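The values are calculated or read from the model by the stated rules, or taken from the named source; none is laboratory data. Just so it is clear, the structure is predicted and the values come from calculations on it, not from any experiment. Quick reminder, even Gly has a Cβ in these numbers, built from the backbone with ideal geometry, and neighbours come from all protein chains shown. Just so you know, the surface numbers come from the protein's heavy atoms only, side chains and all, with ligands and any DNA or RNA stripped out. Shrake-Rupley method; radii C 1.70, N 1.55, O 1.52, S 1.80 Å.
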Amino acid sequence: MAGTSRDRVTIDLRGIGDAVRAAAAVRDMGVAQLVRRALVMSLDLRATAAVAPMERGSDGQTPHQVPTRETAKLTLRLSRAHADALMMNAGALGLSYGDYVGRLVAGSRLPQPVAERQADRAALLASNDRMAALSTDLVALVTLLRQAKVEQAKPYRDRLETADAEIRRHLDRASALIDRL
């Protein structure tokens, strides 16, 4: 039978909780790790060897079976300051804690903070609006020039003289945003 997306079991230790915690502490591991190890050791390893890779325990002892997954749940013990920093940094970047830690471990480039991405997006949208207005003005200017209405086209002259710089600013802004993505 295939496992669920989160294989979890709740066990009533029926009075042996202190002994289990002590055994885990002696082995310098968490209770969950100790229980998983005990369960793996009780399995018929010939049946599970084909589906689960061998991995050394945190104590460096004999390898044990560990099921493979696309993602794995990991519990970290951090100082309060580090935990707060992790939560704040992940939140500022718009990432889950797991995605944030995963990117740090992989050495991947972190995204810009959400506030900066939103500001960049707003600036690009405003620049797009200016490009649309410029396009409308240029169409109107060309139409007037085709009709030989030079006097009516003169108000568009100043706009046309700054168009190159405006287009360049827009392209620089768009390029910078794309580069950060």
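Considering only alpha-carbon pairs that sit under 8 angstrom and 6 or more positions apart, the relative contact order computed for the range 72-181 is 22 percent. Shape class for the range 80-181: prolate, because the ratio a/c of the largest to smallest gyration tensor axis (alpha-carbon atoms, square roots of eigenvalues) is 1.5 or more and a/b beats b/c. For the range 72-122, what is one quarter of the convex hull surface built on the Cα atoms, given in nm²? Taking the Cα atoms of the range 72-122, their convex hull projects to 4.0 nm² on average.
Using the Cβ-Cβ distance between residue 140 and residue 114 with R0 set to 30 Å, the FRET efficiency from 1/(1 + (r/R0)^6) comes to roughly 0.15.
Need one word for the range 108-164: rounded, prolate or oblate. Basis is the Cα gyration tensor (sqrt eigenvalues a ≥ b ≥ c); a/c below 1.5 gives rounded, then a/b vs b/c decides. In terms of gyration-tensor shape, prolate.
Modelled spin-label separation between residue 23 and residue 148, with each label point placed 7 Å from Cα along the Cα-to-Cβ direction: 10.2 nm. Sorting 88, 29 by accessible area puts them as 88, 29; the probe is 1.4 Å, largest comes first, and only protein heavy atoms count. Only protein heavy atoms count here; on that basis, with a 1.4 Å probe, residue 105 has an accessible area of about 120 Å². Rounded to the nearest 10 square angstrom, residue 75 shows an accessible area of 100 square angstrom against a 1.4 Å probe.
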